[in-house]
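Participant: Let me begin by handing over the structure; questions about it come next.
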Amino acid sequence: MLNLTLKQLATELAAKRVSSVEVTEFFLKRIKGLGKTLNAFISLDEERSLAAARAADGVIAQGKAQPLTGIPFAHKDIFCAKGWLTTCGSKMLSNFVAPYDAHAIELFNRAGAVIAGKTNMDEFAMGSSNETSYYGPVKNPWDAAAVPGGSSGGSAAAVAARLVPAATGTDTGGSIRQPAALSGVCGLKPTYGVVSRYGMIAFASSLDQAGPFGKTAEDLALMMNVMAGYDARDSTSLQREPENYARDLAKPVRGMRIGLPAEFFAAGMAPDVARAVEQAIAEFKKLGCETVEVSLPNMKLSVPVYYVLAPAEASSNLSRFDGVRYGYRAPEYTDLADMYGKTRAQGFGAEVKRRILIGTYVLSHGYYDAYYIKAQKLRRLIARDFVEAFKKCDVIMGPTAPTTAFRLGEKAGDPVQMYLSDIYTIAVNLAGLPGMSIPAGFGDKNLPVGLQIIGNYFGEAKMLNAAHQYQQATDWHMRMPEGVA
Ligand code: GLN
């Protein structure tokens, strides 16, 4: 059961060799055991999960199962799920029970999937190590002294430790791909607009995008088939024909052109990461792919541009947390202004406050043109680099993160060092492109290395094709951390 893919689980369920209740109980037990040690979850609701599992068993008995019916999934605690505590990793929402489902959750429910629990995350998805969570850091299943990456650290750790078959996350600047890499699992950020942001607590709306975590590229494809789709309640949701993201998995990759950006392979990548990434690319060449050098000259500006734009949007999005309508309210105050002030002072953690301060500064009169407008212009240049690069290649490959998982506390006191751990992922969000990370071996400390694959707009099926073919030839993705089995 532990290492079965979604398709294998579905086969077991369809053949009635196991019931959804049994599968759900099996994983809930793991969540309550190892999951607790790792601090991967913020909330569980076993009764609710088991009720959904029983309903799924009914659907399976009627022969009406869809591909994910009866399978338990963990969801990042950024998704509103009706009746579930939905904290976004913050004290500010520590008492918030969502009154409705996010679109993505609605789609999983409709597919007959079971919610196994809500995963730990950096507060309001701001972080790269899961250390900014109000609920404490998550431990990396490969090394309890290391971070799992962030901000979707709980989801990545939950899949790595086989606490659930698969999970969801969100990626604003790398928060699916970077923790997938550091925790040794697969994660995919779709093209902006493919998955609705409705009911997903907003961080930086022009960058936020939800996506799946799983053990294999095929699992990600099956989850994308459920999560993707138009939703009128998100004005940036794209109206497109539904696609089958698994359609190209089995295609041979012979002749596929892999773009290698010179900037990705310049100084900055740790030698053990470079070694694993080079070996992965050699494997793709063995499969018949060609490599071409491409250039992303403005990529070096992506971290500074992001740290103007993302905080600007965050400062606006987070203004709604004022202690009036929902969430935390300071217990003592003198008047309304004092209530706002105390609520926000007590409800937000240090990183969130830092972002709000930066955001309000870059949007303020007199600085708006110098920072915000300038950053918007640079964002366009960064996106244009990719358009040029994709004239010469089908997918782009490189590292997901510059190092393997770092120590808990190692970068917590140095925001700039922390921000730099997203150096390879952020440009993809700024451009709105799809990107994914897959396990590609291990570094010096026996910690996983992720290979990043970037696709052109709506190139998810092609990325998944490349990833699946690599996974047919290698077995990194099936490795489990010691002590998990
Ligand atoms: N680490 C980046 C940040 O802190 C990205 C976070 C994310 O993708 N949600 O903003």
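The values are calculated or read from the model by the stated rules, or taken from the named source; none is laboratory data. This is a predicted model, so every value here is computed, not measured. All Cβ positions, even for glycine, are placed from backbone atoms using ideal geometry, and neighbour counts span all protein chains on display. When the accessible area is computed, the model is the full protein with side chains, heavy atoms only, and any ligands, DNA or RNA have been set aside. Shrake-Rupley method; radii C 1.70, N 1.55, O 1.52, S 1.80 Å.
Participant: If you take the Cα atoms of region 1-147, find Rg, then find the Kirkwood Rh from the mean of 1/r over all pairs, what is Rg/Rh?
Facilitator: Values: Rg = 15.7 Å, Rh = 15.8 Å.
So for region 1-147, dividing Rg by the Kirkwood Rh gives 0.99.
Participant: Could you compute Rg(Cα) / (2.2 N^0.38 Å) for the chain, with N its residue count? Let's see the in-between values first.
Facilitator: Details: Rg = 21.1 Å, N = 485, 2.2 N^0.38 = 23.1 Å.
Against the empirical 2.2 N^0.38 Å value, I get 0.91 for the chain.
Participant: Okay, next question. What chymotrypsin sites (Phe, Trp or Tyr not before Pro) does region 343-388 have in DSSP loop regions with at most 16 other beta carbons within 10 Å?
Facilitator: Working: sites: Phe348, Tyr361, Tyr367, Tyr368, Tyr371, Tyr372, Phe386; in loops: Phe348, Tyr367.
Counting only loop positions with at most 16 other Cβ atoms within 10 Å, the chymotrypsin sites (Phe, Trp or Tyr not before Pro) in region 343-388 are Tyr367.
Participant: Tally up the carbon and sulfur contribution to the accessible surface of region 93-191 as a whole percent, 1.4 Å probe, everything protein left in place. Provide the component values of the computation, followed by the final result.
Facilitator: Numbers: 870 of 1580 Å².
Carbon plus sulfur share of accessible area: 55 percent.
Participant: Round to the nearest 10 and report in Å² the accessible area of His468, as given by a 1.4 Å probe over the protein chains' heavy atoms.
Facilitator: 30
Participant: With runs of 4+ DSSP H residues as the only contributors, calculate the mean residue ellipticity of the chain at 222 nm using -39,500 (n - 2.57) per run, divided by the residue total and rounded to the nearest 500.
Facilitator: On the way: 16 runs with 176 residues, N = 485.
Calculated mean residue ellipticity at 222 nm is -11000 deg cm²/dmol.
Participant: Shifting gears a bit: Run the dipole for the chain about the Cα centre, Lys and Arg Cβ at +1, Asp and Glu Cβ at -1, nothing else charged, and hand back the magnitude in debye, nearest 20.
Facilitator: 320
Participant: Moving on to the next point. Looking at Val185, Pro252, Leu220, which one has the Cα that reaches farthest to the positive end of the dipole of the chain (charges on Cβ: Lys, Arg +1; Asp, Glu -1)?
Facilitator: Pro252
Participant: Given a 1.4 angstrom probe, I'd like the percentage of the accessible area of region 227-287 that is carbon and sulfur, rounded to a whole number. Could the numbers behind the result be given before it?
Facilitator: Numbers: 1790 of 3400 Å².
Roughly 53 percent, rounded to a whole number.
Participant: Another question about this same structure. In Å², what does the accessible area per residue of the chain work out to with a 1.4 Å probe?
Facilitator: Numbers: 17850 Å² over 485 residues.
Averaged over the residues of the chain, the accessible area is 37 Å².
Participant: What are the extents of the Cα atoms of region 421-484 along their three principal axes, in Å, largest first?
Facilitator: 38, 28, 19
Participant: Determine how large the accessible area of Thr404 is when every protein chain is in place; take a 1.4 Å probe and give Å² rounded to the nearest 10.
Facilitator: 10
Participant: Let me ask another. Provide Arg379, Arg110, Arg177, Arg240 ordered by accessible surface of protein heavy atoms (probe 1.4 Å), highest first. Write down the numbers at each step before the final one.
Facilitator: Working: Arg379 35, Arg110 150, Arg177 0, Arg240 95 Å².
Ranking Arg379, Arg110, Arg177, Arg240 by accessible area, largest first, yields Arg110, Arg240, Arg379, Arg177.
Participant: Ignoring ligands, DNA and RNA, what percent of the accessible area of region 1-73 is carbon or sulfur (1.4 Å)? Let's see the in-between values first.
Facilitator: Working: 1900 of 3600 Å².
Solvent-exposed carbon and sulfur of region 1-73 make up 53 percent of the total.
Participant: Loop-only check: which trypsin sites (Lys or Arg not before Pro) in region 1-92 are DSSP coil with at most 13 other Cβ within 10 angstrom? If you can, show how the numbers build up before the last one.
Facilitator: Details: sites: Lys7, Lys16, Arg17, Lys29, Arg30, Lys32, Lys36, Arg48, Arg54, Lys64, Lys76, Lys82, Lys91; in loops: Lys16, Arg17, Lys64, Lys82.
Sparse-neighbourhood loop trypsin sites (Lys or Arg not before Pro): Lys16, Arg17, Lys64.
Participant: Quick one: accessible surface of Leu260, probe radius 1.4 Å, all protein chains present, in square angstrom to the nearest 10.
Facilitator: Accessible surface of Leu260 is approximately 40 Å².
Participant: Taking a cut-off of 15 Å between Cα atoms, list the aspartates and glutamates near Lys7, but don't count ones fewer than 8 places away on the same chain.
Facilitator: Glu218, Asp219
Participant: Taking a quarter of the surface of the convex hull around the Cα atoms of region 128-179, what do you get in nm²? Don't skip to the end; give the middle numbers.
Facilitator: Numbers: hull surface 13.3 nm².
Averaging across all directions leaves 3.3 nm² for the Cα convex hull.
Participant: Strictly over 23 Å apart at the Cα level, which of Lys16/Lys64; Lys286/Lys392; Lys300/Lys411; Lys76/Lys374 would you flag in this model?
Facilitator: Numbers: Lys16/Lys64 13 Å; Lys286/Lys392 20 Å; Lys300/Lys411 21 Å; Lys76/Lys374 33 Å.
Check vs 23 Å cut-off fails for Lys76/Lys374.
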